[in-house]
Amino acid sequence: MSADRATLAVYDAEAARYADATQGLRDDPDLAAFVAAMPAGARVLDLGCGPGLAAEVMARAGLDVAATDASAEMVRRAAARPGVTAWQADFDALTGAGVYHGVWANFSLLHAPRAAMPAHLAAIARALVPGGRLHIALKTGAGERRDALGRLYTYYGEDELAALLSAAGFTVIARRRGRDPGLDGELADWVAMAALAAPARRG
C-alpha cells in the first residue's frame with residue numbers, strides 16, 4: 001500500500017467516530033444527484049469509501065456498488081453494509097477501462113500527494129464508461145499539511161481542481177461549496193464537483 005501510514009492509522013483507530021460523524025451523508029444533495037443520474041442497475045465505485053454509508057445509500061437505490069478504502073477497519077465496516085462489495089485497496093489499484101457508470105470520490109483523494117492527482121484522475125476517467133459521472137470533493141486551500149489527528153491533507157484551489165479535471169478529459173457540470181468541521185473539529189472550506197467523462201466517439 002502506498003497510502004500514508006499515519007493517515008491510515010487514524011482512520012483505523014477512529015472508524016467508529018468517523019462513521020458517527022458522517023451520518024449526514026444520507027441527506028447529502030450531491031449523493032442524491034449522483035444516484036439520480038445513474039441508469040438503472042448501474043455499476044458504481046465508492047473510491048475511498050470510509051465506513052461505507054454512501055455506498056449503502058447507493059446500493060439501497062438499486063445500484064451495483066463496489067467500494068474500496070486503504071483502511072482495513074473502514075473496509076470491514078463498509079463490507080458489512082447490505083448490498084456493498086468492499087475490499088482494501090489504495091488509489092493506485094484502480095485499473096480497467098469502461099468498468100463503472102459512476103465513481104464517487106468524496107473527501108478521499110485529498111489524502112493523495114499532489115503529484116499523484118493527475119494520474120489518479122486519468123485512471124478514473126479510464127475506469128468510467130463514456131460519459132460516466134465523477135463526484136469529487138476536496139478541502140480548499142493551498143499546500144499540504146497534517147491535521148491535529150495526524151492525517152495528511154493536500155489542499156486545492158477551486159480553479160486548480162477544475163483545471164485538473166479538464167486535463168483528465170472531464171467536463172465539470174456542477175459545483176457546490178461549503179464549510180464544515182472535520183473529524184479533528186476544525187472548520188474547513190470545501191468544494192464538490194460533478195464531472196462527466198468524455199463521451200464515446202462517433203464513427
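Scan segment 81-102 residue by residue and report those that are of a type outside the set (Lys, Arg) and closer than 22 Å to Tyr11 by Cα. Before the answer, list the steps.
Here is the first cut: in segment 81-102, the ones of a type outside the set (Lys, Arg) are 82-102.
Of everything in segment 81-102, those that are of a type outside the set (Lys, Arg) and closer than 22 Å to Tyr11 by Cα turn out to be Pro82, Val84, Thr85, Ala86, Trp87, Gln88, Ala89, Asp90, Phe91, Asp92, Ala93, Leu94.
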Reported set for segment 42-72 where residues are out of contact with any strand residue (DSSP E or B) (no Cβ under 6 Å at 6 or more places or on another chain) and surrounded by fewer than 20 Cβ atoms within 10 Å (Cβ to Cβ) is Arg60, Ala61, Gly62
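Within segment 93-102, how many residues are farther than 22 Å from Arg5 by Cα and either surrounded by fewer than 20 Cβ atoms within 10 Å (Cβ to Cβ) or without any contact (Cβ under 8 Å) to a residue 60 or more places away in the chain (or both)? Spell out the reasoning first.
So the first thing to find is which residues in segment 93-102 are farther than 22 Å from Arg5 by Cα, and the list is 95-102.
Within this subset, residues satisfying the condition of being either surrounded by fewer than 20 Cβ atoms within 10 Å (Cβ to Cβ) or without any contact (Cβ under 8 Å) to a residue 60 or more places away in the chain (or both) are 95-100.
Result for segment 93-102: 6.
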In segment 159-169, anything among the charged types (D, E, K, R) and within 14 Å of Arg114 (Cα to Cα) is listed as Glu160
The one condition Ala97 fails out of (1) under 29 Å from Gly169 (Cα atoms); (2) touching a strand residue (DSSP E or B) at 6+ places or on another chain (Cβ under 6 Å) is (2)
From the option list Asp28, Asp4, Asp69, Asp90, single residue qualifying as over 25 Å from Ala168 (Cα atoms) and among the acidic types (Asp, Glu) is Asp28
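Laboratory data are not the source of any read-out in this text; all were calculated from the coordinates shown. Please read these numbers as outputs of a predicted model, since none were measured by experiment. As a convention, Cβ positions derive from the backbone with ideal geometry for all residues, glycine included, and neighbour counts pool all protein chains shown.
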